[in-house]
Amino acid sequence: MLDYFFADWILPVDRPPIEQGFVAVEAGQIVVVGAISELPESQRPTRDTQIGTTLLCPGFVNAHTHLELSFNNQISTTVEPEAQPATAMGDWLLAVVNKTREAATPKEKLSRCRIGVAEMMRSGTTCINDITSDGGSVVAMAEAGIRGLASLEFFHPAFAVNYDRIGQVVKDYDNLMILCAPHPLIQAGLSPHSPYNVSPNAWQAVVESCHPTWIHTHLAESLDEAWWVTGKPDTGIHRLHQALLGKPYTPASPGRTPVDYLAEHQLLQHHMIAAHGVYCDPADILTLSQHGVRIAHCPRSNQWLQQSTIDWLEWEAYPHPVGLGTDSRLSTADLDMRTEARAAMAVHGWKAEKALQKITLDGAQVMGLEDQIGTLSTGKAADMVLWSSSQKIEPGNISAQFLDPKTGFVVKDAWVTGEALTLTKQHAKI
Ligand SMILES: [Zn+2]
């Protein structure tokens, strides 16, 4: 039996907006998308006298985040940016480690994951690409009924492989797989933190033992990292290692750039999602493209931590899947994908249609889900969000009006595979 969803505007993303439209769903899948006028009279909704506007669009995809870091405040970089622009990544990470140690029990982490999931659902996200230390985000996403990928984060900043440590990571990954198994909408992945926090041989050893479908890492995020891989001394990364390990960890064979370093060690691969990519030159961008690496671009986090972000003109010539991610609440003021889209529009001059595609279809492509979600089209899962605004929006440039905060659109209802999500209202006050 078909279920019909109606709205003043449908934003399918892969084709122009439809005024007074409908989406028909059967068994969780979209069957037809069209204008209400195309329906027989008996199937049309009874028109109410509403003043505002309703809008139905695909649920957003957040391509990079850390739900368990959903604290209340961002952490500022500890080195004055004026004195050492964009060199404070190591110091910031050390502050993150200290902050997470304050409340590090599984219960506390799960509570923050729930807060993060609720915030994302309230702002229209139904698919999350998360990095987790213990699988708490799997529990939070599963109980909310949303879709996601949770990748187990690990660190191994030492050239000589510590096989006890590797064995523990493999065990934790097996447990994450077991945790995800009953939830068909949630996949497990592996997250070697970054080139400077996992040595190439440890990275390879874990991947060879776990055979993960997905790898989600941080790559070319900071100038600190770009300097560290070249063997430059005294970076913020050195300060991080010194503070955490009590000794330095430097690359055994330096690379020209972070991307070059991973390529040299044969660690780039097709099912890899690399967050950030700020410090990439054209040769790196080509290398990433040749390996099919997918990019999670986080403009607000980059500007907070690096006072810089990717140069889109250099990237758009290559066919990379590039989605948008908020990163965690420790480097972003909120987890709202429309705000992230507006930040990308401001910094790259993107039109609203492009930004909307980045937070829907392109995010889905980053996660390998483009055949299942990201647009409202026949055959895809009914992962969609109904928005409402008290204002009447005018025909023309619907995406721009939808993303504009002045129109005041708020989430009214949301569905994943046609199932209504309830957390949105339940957690409204978190
Ligand atoms: Zn991150």
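Pick out, from segment 1-111, the strands (runs of 3 or more DSSP E) lying fully within it that include 1 or more residues that are of a type in the set (Phe, Trp, Tyr) and modelled with pLDDT of 95 or more.
Here the list reads 3-10, 18-26, 60-65.
Taking segment 310-331 on its own, how many of its residues are crowded, with 20+ Cβ neighbours inside 10 Å, within 19 Å of Thr360 (Cβ to Cβ) and more than 10 Å from the ligand (Cβ to nearest atom)?
5
Would you confirm, using the coordinates I've provided, whether Phe159 is in contact with a helix residue (DSSP H, G or I) (Cβ under 8 Å, 6 or more places away or on another chain), free of Cβ contacts under 8 Å to residues at least 60 places away in the same chain and of a type in the set (Phe, Trp, Tyr)?
no
Quick one: is Asp134 closer than 19 Å to His216 by Cα and either of a type in the set (A, V, I, L, M, F, W, C) or surrounded by 19 or more Cβ atoms within 10 Å (Cβ to Cβ) (or both)?
yes
Restricting the search to segment 115-162, which residues are part of a strand (DSSP E or B) and among the hydrophobic types (A, V, I, L, M, F, W, C)?
Answer for segment 115-162, where residues must be part of a strand (DSSP E or B) and among the hydrophobic types (A, V, I, L, M, F, W, C): Cys127, Ile128, Ile131, Leu149, Ala150, Leu152, Phe154.
What's the total number of residues in segment 268-290 that are crowded, with 16+ Cβ neighbours inside 10 Å and in contact with a strand residue (DSSP E or B) (Cβ under 8 Å, 6 or more places away or on another chain)?
Residues meeting the conditions: 7.
I want to confirm something. Restricting to segment 215-225 and keeping residues that are of a type outside the set (Asp, Glu) and at pLDDT below 95, which single residue is nearest to the ligand (Cβ to nearest atom)?
Checked segment 215-225; the qualifying residue nearest to the ligand (Cβ to nearest atom) is Ser222.
Residue-wise test of (1) away from the ligand (no atom under 16 Å from the Cβ); (2) at pLDDT below 95; (3) within 29 Å of Glu419 (Cα to Cα); (4) of a type outside the set (S, T, N, Q).
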{"site": "Ile186", "(1), (2), (3), (4)": "yes, no, yes, yes"}
{"site": "Gly189", "(1), (2), (3), (4)": "no, no, yes, yes"}
{"site": "Val198", "(1), (2), (3), (4)": "no, no, no, yes"}
{"site": "Thr213", "(1), (2), (3), (4)": "yes, no, yes, no"}
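For the subset of segment 126-137 comprising residues that are of a type in the set (Val, Ile, Thr) and closer than 26 Å to Trp387 by Cα, which member is farthest from the ligand (Cβ to nearest atom)?
Thr126
Return a yes/no flag: does segment 296-309 have any residue that is within 16 Å of the ligand (Cβ to nearest atom), of a type in the set (D, E, K, R) and in the same structural domain as Leu93 (by TED's automatic domain parsing).
yes
Just one of (1) touching a helix residue (DSSP H, G or I) at 6+ places or on another chain (Cβ under 6 Å); (2) within 16 Å of the ligand (Cβ to nearest atom) trips up Thr287, so point out which.
For Thr287, the failing item is (2).
Can Ile36 be described as within 18 Å of Lys380 (Cβ to Cβ), without any contact (Cβ under 8 Å) to a residue 40 or more places away in the chain and surrounded by 14 or more Cβ atoms within 10 Å (Cβ to Cβ)?
No: the conditions fail for Ile36.
The values are calculated or read from the model by the stated rules, or taken from the named source; none is laboratory data. All values reported here derive from a predicted model rather than from experimental measurement. Positions of Cβ are generated from backbone atoms using ideal geometry, with glycine treated the same way; all protein chains shown enter the neighbour counts.
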